[in-house]
Amino acid sequence: KDIPGTSAVSPGSSKGCAPDSESPSGAGDADYCRRILVRDAKGTIREIVLPKGLDLDRPKRTRTSFTAEQLYRLELEFQRCQYVVGRERTELARQLNLSETQVR
C-alpha cells in the first residue's frame, strides 16, 4: 500500500541501512530496508531509507481533544508540579474523565 505523495522504490543497493546484528552480513538490503521517494512542496523528489519493520500502513492514533476545563486543570497541575505520578495522576484522570495516559 503506497503512502499519498510517495512511491515505492525497488530495493537495490543500500546506502546507510545496515542489517540487524543477528543476520549474516552481506545479505541483501531487501531484508532490512524500505526505500521510498517523497516529493516536497517545491516538487523536489528525495529518497528516504527506512527499516522494513516500520509499519507505515498502520493508522495514526487520533489526537485527544481536551475541553477548556480539562486544559485549565491540566495547566494548573503542570504549573504546580511538572510530573504528576501515582495516586495524584490516577485521581486527576478520574476527575477529568481521562485515561492516565492522557494525563502526562
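A simple count of charges around LEU98, restricted to other residues whose Cβ falls under 13 Å of its Cβ and scoring Lys, Arg +1 and Asp, Glu -1, yields 0. For the range 54-104, taking Cα atoms only, Rg and Dmax work out to 13.3, 40 Å respectively. When you filter the chymotrypsin sites (Phe, Trp or Tyr not before Pro) in the range 31-78 for DSSP loop state and at most 16 other Cβ atoms inside 10 Å of their Cβ, you are left with PHE66.
Full-extension gain between ALA93 and SER65, please, as 0.36 nm times their residue separation minus the C-alpha to C-alpha distance. Gain on stretching ALA93 to SER65: 8.6 nm. Between the amide H of CYS33 and those of LYS52, distances stay under 5 Å, these residues lying 5 or more places away or on another chain, with hydrogens modeled in the peptide plane.
Bear in mind that the values in this text are calculations on the coordinates, not laboratory data. All values reported here derive from a predicted model rather than from experimental measurement. Please note: Cβ atoms are built from the backbone with ideal geometry, for glycine as well, and neighbour counts cover all protein chains shown.
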